[in-house]
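Down below is the structure, laid out as structure tokens.
Nothing in this text is a laboratory measurement; each read-out follows from the coordinates by a stated rule. For clarity, every value in this text was computed on a predicted model and none was experimentally measured. Using ideal geometry, Cβ is built from the backbone for each residue, glycine included, and neighbour counts are taken over all protein chains shown.
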Amino acid sequence: MKSDIIELSPDFWNIRGSFRIGGVVDIGTQASLVRLASGAFVLLDSYTLSPALRRRVDAIIGGSELEAIINLHPFHTVHVRSMHEAYPRARLYGTVRHHERFADLPWERELAEEAALHALYADDFDFSVPRGVDFVSANENIHFSSVLALHRASRTIHVDDTLMYMQMPLPLRLVGWKDTLVFHPTLPRVLEPRAGAAAEFRQWVAELIETWGGAENLCAAHATALLDADNRGASIAERITGALRRCEPKLRLHQRRYG
């Protein structure tokens, strides 16, 4: 997968990167560069920038400041150190797992999944953390949960793993297969083993649809970005509604077992 920078608006750039499973299958990854209303910049997530990408990012930032790097997915850690080394003056934020895994890095005390961090950037972003599921799974191969970020000015959702946008290859589209937005397939394995967990997850998604229903772009980590300029189908809110509907058999099975 070729690394690239996609300009979604005058204030939001999605950095598409490469991530290979077993060194073979490239499922991609991402970070996003965002200009705040203050004029400063932040990076959502980390990605090791090639010299060419670094020049492009620095050209966008220009004489402004990279204020912070905000790591939103507890299991997206491969590029954390190199991103900090590239911009050592930027404030470094992460989840509890980032703090534990890289205890030597100069983390700010506010955790990405907590309200204190969300309040710091409330002028520009809304943040949302999935409910009813493990945020950091005990199984390190399960990467469902992340902190979702909505940049209100560009109407863009930045999300890692939790939601995946699957763009079908052209031959499949020609025979009627449609691009699909889905929740990560590990959902049944992260639902908390207790009564009410499935209902809490369902309610979280319903609130996301209601409050973020005006979003026009969605940048997902391991597939591709769904951009308003290219969207010939349903709105993002309608697509999230469909993704929840497809999860219903798994949610009902969980409810029958735990309540």
Could you state the number of Å between the C-alpha centres of the stretch 195-215 and the stretch 87-125? 25
For the stretch 4-258, state the average projected area of the convex hull of the C-alpha atoms over all orientations, rounded to one decimal in nm². 14.2
Taking every DSSP beta bridge with both residues inside the chain, roughly what % is antiparallel (nearest 5)? 70
Other residues with Cβ under 10 Å from the Cβ of D228 give, with Lys and Arg +1 and Asp and Glu -1, a net charge of -1
For a quick check of your reading of the filter: which chymotrypsin sites (Phe, Trp or Tyr not before Pro) in the stretch 177-259 sit in a DSSP loop and have no more than 14 other Cβ atoms within 10 Å? W177
Would you list L111, L218 from fewest to most Cβ contacts within 10 Å? L111, L218
Can you tell me the dipole magnitude for the chain around its Cα centre, using point charges on the Cβ only (Lys, Arg +1; Asp, Glu -1), in Debye to the nearest 20? 920
5 angstrom amide H check on T95, placed H, neighbours 5+ away: A112
Based only on other Cβ atoms within 10 Å, what is the fewest-to-most ordering of C247, C219? C247, C219
May I ask you to compute the full-extension gain from A237 to E100, defined as 0.36 nm times their residue separation minus their alpha-carbon distance, rounded to one decimal in nm? 45.8 nm
Residue-count net charge about Q30 - beta-carbon cut-off 11 Å; Lys, Arg +1, Asp, Glu -1: -3
